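Written below as structure tokens is the structure these notes are about.
The values are calculated or read from the model by the stated rules, or taken from the named source; none is laboratory data. Since this is a predicted model, take the numbers as computed values, not measurements. We place every Cβ from the backbone using ideal geometry, glycine too, and count neighbours over all the protein chains shown.
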């Protein structure tokens, strides 16, 4: 059974989710692309349903949410050091099936590789819940169907 929501109803659902979750999805950043006057689409926190890009593939993978390029790991003073504190709010990540499947590979690298679990990865990964976004059509650079990652049960 399917449901159809108006934009205002979808915003109400998103607002309800944001009480318990930081909601991430593909989001357009105008004029921040690689070339002048081009947009970039990357996973980022969304404030409204209209922020979510449904019809275009993200330029960067969803793993940026779980393993950001920059993050504080330790704080140092003259006499001591301490690990950074983990954020406590859950993350809801709206991602395409291929990005969700890619998390299994990322987990193999960060959790248990060589008998060691990466603390920063484990802390944030425990907070993440996924919701699948269906692809409207394949992109010319997609290879999801041939790799069997166009579906997920996760």
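At-a-glance table
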| item | result |
| --- | --- |
| Failed criterion for residue 121 (all others in (1) at pLDDT 90 or above; (2) not in a loop (DSSP other than H, G, I, E, B) hold) | (1) |
| Within the range 91-118, tally of residues that are within 30 Å of residue 15 (Cα to Cα) and assigned to a loop (DSSP other than H, G, I, E, B) | 1 |
| Filtered residues of the range 98-116 (kept if surrounded by 12 or more Cβ atoms within 10 Å (Cβ to Cβ) and either touching a strand residue (DSSP E or B) at 6+ places or on another chain (Cβ under 6 Å) or at positive phi (or both)) | 100, 111, 112 |
| Filtered residue count, the range 74-90, keeping only those that are in contact with a strand residue (DSSP E or B) (Cβ under 7 Å, 6 or more places away or on another chain) and either assigned to a loop (DSSP other than H, G, I, E, B) or in contact (Cβ under 8 Å) with a residue 12 or more places away in the chain (or both) | 4 |
| Any hit, the range 53-61, residues being over 15 Å from residue 25 (Cα atoms) and modelled with pLDDT under 85 | no |
| Filtered residues of the range 2-34 (kept if outside any loop (DSSP other than H, G, I, E, B) and touching a residue at least 40 places away in the same chain (Cβ under 8 Å)) | 7, 17, 21, 22, 23, 24, 25, 26 |
| Search result, residues across the range 83-96 that are closer than 15 Å to residue 53 by Cα and touching a helix residue (DSSP H, G or I) at 6+ places or on another chain (Cβ under 9 Å) | 93, 95, 96 |
| Odd one out for residue 37, checked against (1) assigned to a loop (DSSP other than H, G, I, E, B); (2) out of contact with any strand residue (DSSP E or B) (no Cβ under 8 Å at 6 or more places or on another chain); (3) surrounded by 11 or more Cβ atoms within 10 Å (Cβ to Cβ) | (3) |
